[in-house]
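Throughout, read-outs are computed from the coordinates displayed, never taken from laboratory work. All values reported here derive from a predicted model rather than from experimental measurement. Every residue, glycine among them, receives a Cβ derived from its backbone with ideal geometry; neighbour counts consider all protein chains shown.
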Amino acid sequence: MTDSAPKLDDFMPGGRMAAPADGESRKDLVGLTRAELAREMESLGEKRFRADQIFNWIYFRGVTGFEAMTDISRPLRARLEELYRIGRPQVVTAQVSSDGTRKWLLRLADGNEVETVFIPEPGRGTLCISSQVGCTLTCSFCHTGTQAWVRNLTAAEIAGQVLTARDELGEWPTPSDDRQITNVVLMGMGEPLFNYDHVKAAVELCKDEKGLNFSRRRITLSTSGIVPEIRRAGAEMQVMLAISLHAARDELRDELVPVNKRWPIKELLAACRDYPSLSNARRITFEYVMLKGVNDADADARELLRVLEGIPSKINLIPFNPWPGSRYETSEPDRVQRFGEIIRNAGIMATIRRPRGSDIAAACGQLKSESARVPAWKRRGETKDGHAPA
Ligand code: SAH
Ligand code: SF4
């Protein structure tokens, strides 16, 4: 790296540990991993099993107050209530699309808002969660990328989206089978690998068998290609990886996903090749947004096959979801089909993502668009100082 090359921190104004200023002095227990909760309870002079009890109440039973923790003595419950809280993002709006997709606009303790989307399909249900308010990156086809980066979410706020979705779907205690939420994907707003520590803690909470209990094969992290952090994630998180590739040539990818100038395709794919425990059963998903006349020619498909050679891959073709002011058009359905065929004929799995929830702006790349344009108080039908209109 030369001195003038951007460093990781250049993409993270304010640092990766930004926390909300919410005026609440009690510490939030949500977001602490089981080991951290045990240390917290030890600092109060409590034994380890106490932490396990509390962990079970929060992540297995989904309670939001200490009063409900009936296997803990009343005096201790009162003490916990004084010192701690069990935070939840506040649901501002809950929308249901005609195709069953649900989108929640969630308000965080400092007033910032993020969106979480639930996509039910036959046999599975995917919860798409956000990792940042806005995004520092500026992918040219992504609406989130046009909005300013505000801050990183805390581990509590990332895991809190899963807790709130379970509240909303009435899915407590954590079901062992027949779940509505079967998969969690970090594909909402923001670049998860620019919020590494908090994302890692939230992933650990999602994976914990005594709590939310998602297998690591059912958690997918989507990244625009932050090479050093992909390597770290491979060693430390062991989740499924999705790469927002979108182009197989650097010249084009520089334009679509500008972070490519820092970590070009060759370096990115080298990190993918090294990602641990890849196999035919554990492949990397490459996301490829289909932009009419930009990256959707037969030659682009062949180039894609060439660069991915040797990597256990599946390709997810995402028809571009337009947003007001976007400079691209969606590829024609025939073109998407043909592109997919070329890939499949080479023996690589290619799926075409159906746009879900587009009537409620819940599709890929549309998140936060509404809330950024219309202030929250307006959407609630209040006046600016928070009162209902007369
Ligand atoms: N920042 C991460 C994760 C969030 S974006 C990332 O870039 O991977 C989730 C996926 O939606 C990414 O593959 C992204 O490139 C894609 N996407 C963004 N805008 C889109 C749009 N307008 N239409 C279709 N897909 C889009
Ligand atoms: Fe950020 Fe991902 Fe959108 Fe790019 S595609 S601007 S990394 S959210």
### Query
Roughly how many whole Å is it from the C-alpha centroid of the range 138-186 to that of the range 291-333?
26
#### Entry: Average projection area in nm² (convex hull over Cα atoms of the range 166-209, one quarter of hull surface)
3.7
### Task
Could you work out, for the range 192-336, what percent of all Cα-Cα pairs fall into each 5 Å distance bin, beginning at 0 Å and stopping at the bin that holds the largest distance?
2, 9, 18, 21, 19, 14, 10, 6, 2, 0
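How high is the relative contact order of the chain, given as a whole-number percent (alpha carbon pairs under 8 Å, six or more residues apart)? Don't skip to the end; give the middle numbers.
Details: 713 pairs, mean separation 58.1, N = 390.
Relative CO of the chain lands at 15 percent.
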### Query
Helix 34-43 versus the longest principal axis of the chain: what is the Cα-based angle in degrees, 0 to 90, to the nearest 10?
30
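Please state the shape class of the range 92-183: rounded when a/c is under 1.5, otherwise prolate if a/b exceeds b/c and oblate if not, all from the C-alpha gyration tensor.
Details: a/c = 2.11, a/b = 1.56, b/c = 1.35.
Prolate is the answer for the range 92-183, as a/c is 1.5 or above and a/b outweighs b/c.
To one decimal place, what Kirkwood hydrodynamic radius in Å is obtained for the range 27-87 from all pairs of distinct Cα atoms? Intermediate results must be reported in sequence, preceding the final value.
Working: mean 1/r = 0.0884 Å⁻¹.
Averaging 1/r across every pair of different Cα atoms and inverting gives 11.3 Å.
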### Query
Taking the chain as a Gaussian network, where each spring joins two C-alpha atoms under 10 Å apart, which residue of LEU137, LEU80, LEU221 fluctuates the most?
LEU80
### Task
May I ask for the Rg/Rh ratio of the range 218-301, computed from Cα atoms with Rh as the Kirkwood radius, given to two decimals?
0.98
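Once every DSSP H run of n ≥ 4 in the chain is given -39500 (n - 2.57) and the sum is divided by its residues, what mean residue ellipticity at 222 nm do you get, rounded to the nearest 500 deg cm²/dmol? Before the final figure, lay out each step's value.
Details: 12 runs with 113 residues, N = 390.
Helix contribution divided over all residues of the chain: -8500 deg cm²/dmol.
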## Note on the structure
For the range 151-164, Karplus-derived ³J(HN,Hα) couplings (6.51, -1.76, 1.60; θ = phi - 60°; whole Hz; x for glycine and proline) come out as 6, 6, 7, 7, 4, 4, 6, 6, 5, x, 5, 5, 4, 5
### Separation of alpha-carbon centers, the range 20-64 and the range 204-281, rounded to whole Å
30
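Which entries of LYS47/LYS200; LYS210/LYS266; LYS103/LYS266; LYS47/LYS103; LYS261/LYS292 show an alpha-carbon separation above 29 angstrom in the structure shown?
Details: LYS47/LYS200 26 Å; LYS210/LYS266 40 Å; LYS103/LYS266 36 Å; LYS47/LYS103 40 Å; LYS261/LYS292 23 Å.
Pairs exceeding 29 Å: LYS210/LYS266; LYS103/LYS266; LYS47/LYS103.
Once a ≥ b ≥ c are taken as the square roots of the eigenvalues of the Cα gyration tensor of the range 286-351, is the result rounded (a/c under 1.5), prolate (a/b larger than b/c) or oblate (a/b not larger than b/c)? Walk me through the intermediate numbers first.
Values: a/c = 2.17, a/b = 1.93, b/c = 1.12.
Verdict is prolate for the range 286-351.
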### Task
Bin all alpha-carbon pair distances of the chain at 10 Å intervals from 0 and give each bin's fraction as a whole percent.
5, 22, 32, 25, 12, 4, 1, 0
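Just to verify a number: FRET efficiency for ALA270 and ALA94, C-beta to C-beta distance, R0 = 51 Å, to 0.05?
Details: r = 43 Å, r/R0 = 0.84.
Computed FRET efficiency for ALA270 and ALA94 comes out at 0.75.
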## Note on the structure
Magnitude of the Cβ-charge dipole (Lys and Arg +1, Asp and Glu -1) of the range 27-87 about the Cα centre, nearest 20 debye, reported as 100
## Note on the structure
For the range 98-253, one quarter of the surface area of the C-alpha convex hull, expressed in nm², comes to 10.1
